Amino acid sequence: MQWSGFNDRFEINRYVYRLKNGEKLVTDWTDAGKETMVTIDGLHLQSGLVYSAEVRAVNVGHHSSDAVQADVLVLGQGPMLSGKIVC
């Protein structure tokens, strides 16, 4: 997951993120340091469900921004195979 666009009159010290399905937490707030892109391993997301990724910026005074959110629909079905070999 990747994000951008956070601004603060003080230096941004770190970012925190979480993943939810409705009101159910999939991952709690996790520190990403100053990285603006993370890979979350070990998740077992269900196909057909919508998950919400939320990110907050935390400045050097330890004040957090409001969370920004993006929804993701998980599609777990692979492509259909025709059985024909294409060279």
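The values are calculated or read from the model by the stated rules, or taken from the named source; none is laboratory data. None of the values given here were measured: they were computed from a predicted structure. Heads up, the Cβs are rebuilt from the backbone with ideal geometry, glycines too, and the neighbour counts pull from every protein chain shown.
Sort out which residues of the range 45-69 are in a strand (DSSP E or B) and over 26 Å from ASP8 (Cα atoms), and write them in order of number. Matches in the range 45-69: VAL50, TYR51. Looking across the range 54-67 at every residue that is of a type in the set (A, V, I, L, M, F, W, C) and modelled with pLDDT of 95 or more, the one that is farthest from TRP3 (Cα to Cα) is identified as VAL58.
The residue pairs whose first member lies in the range 24-47 and is loosely packed, with under 12 Cβ neighbours inside 10 Å, whose second member is among the charged types (D, E, K, R), and whose beta carbons are closer than 8 Å, counting only pairs six or more residues apart or on different chains, are LEU25/ARG18; ASP28/ARG18; ASP31/ARG14; GLY33/ARG14; LYS34/ARG14.
Scanning the range 8-44 for residues that are in contact with a Ser or Thr (Cβ under 9 Å, 6 or more places away or on another chain) and part of a loop (DSSP other than H, G, I, E, B) yields ASP8, GLY22, THR36, VAL38, ILE40, LEU43.
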